[in-house]
Amino acid sequence: MNNWQRIDDEAAMLAFGASVAQQFPSGGLITLHGDLGAGKTTLVRGLLRTLGHTGNVKSPTYTLVEPYHLAGRDIFHFDLYRLAEPEELEYMGIRDYLRPDALCLVEWPEKAAGVLPVADLRIHIRYCGEAREILLEEFNRF
Ligand code: ADP
Ligand code: MG
């Protein structure tokens, strides 16, 4: 894989998240791939803030999903780190979240293998010393 782009610091990651929001004027499924502390939640925070969210963005580690309603649309932030088995997503009604008009951002999508549909955009984040690097993989919509 190539085209990794460097993200120098947290501010750059927030800005990157904001730019992702502009690419998704309506709904879609975005998966975030990367180790603990890579910056997945930070990117989501940048996206939510640019759409008008002013409060905290806590990772929904225990609740699995945190809903937002911003700029007239539903945004669902998932953290599947503690998902015991992919089928658990079906019990929580994942299909109701994955509507064409809703934007879904999923951390730890690997935990839901076989249950989540193919993403519109996969964002890979890796450590590069103190900085980070990002690689985008675009699917369905582009
Ligand atoms: P994840 O959700 O992937 O586990 P978080 O976004 O919660 O990661 O945490 C990332 C941490 O790394 C934050 O404390 C953030 O301040 C720090 N950080 C340092 N450099 C960067 C960078 N370039 N991009 C994103 N986060 C960074
Ligand atoms: Mg996180």
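The values are calculated or read from the model by the stated rules, or taken from the named source; none is laboratory data. Keep in mind that this is a model prediction, so the values were computed, not measured. Backbone-built Cβ (ideal geometry, glycine too); neighbour counts: all protein chains shown. These area figures cover heavy atoms from the full protein model, side chains too; ligands, DNA and RNA do not enter into them. Shrake-Rupley method; radii C 1.70, N 1.55, O 1.52, S 1.80 Å.
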Subset of the range 30-83, residues within 13 Å of ligand 2 (Cβ to nearest atom), over 12 Å from the mean Cα position of the chain (by Cα) and at positive phi, comes to G37, L64
Considering only residues that are part of a helix (DSSP H, G or I) and touching a strand residue (DSSP E or B) at 6+ places or on another chain (Cβ under 6 Å), look in the range 84-113 and name the one that is farthest from T31 (Cα to Cα). Y97
Filtering the range 28-49 down to residues that are crowded, with 21+ Cβ neighbours inside 10 Å, within 12 Å of ligand 1 (Cβ to nearest atom) and in a strand (DSSP E or B) yields L32
Cβ-Cβ distance below 6 Å, separation of 6 or more or different chains: which pairs start in the range 4-29 with a residue that is more than 16 Å from ligand 2 (Cβ to nearest atom) and end on one that is basic (K, R)? none
Over the range 3-26, the set of residues part of a helix (DSSP H, G or I) and open to solvent by 30 Å² or more (accessible area, probe 1.4 Å) is E10, A11, A12, L14, A15, S19, Q22, Q23
Pair list, Cβ < 6 Å and 6+ apart or interchain, from the range 43-70 residues that are of a type in the set (K, R) to residues that are within 13 Å of ligand 2 (Cβ to nearest atom): R45/V57
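Matching residues to (1) surrounded by fewer than 18 Cβ atoms within 10 Å (Cβ to Cβ); (2) over 25 Å from N3 (Cα atoms):
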residue	(1), (2)
N56	yes, yes
P60	no, yes
R73	yes, yes
L105	no, no
V118	yes, no
I123	no, no
C128	yes, no
E138	yes, no
Give just the number: which of (1) modelled with pLDDT of 95 or more; (2) of a type in the set (F, W, Y); (3) open to solvent by 10 Å² or more (accessible area, probe 1.4 Å) does F78 not satisfy? (3)
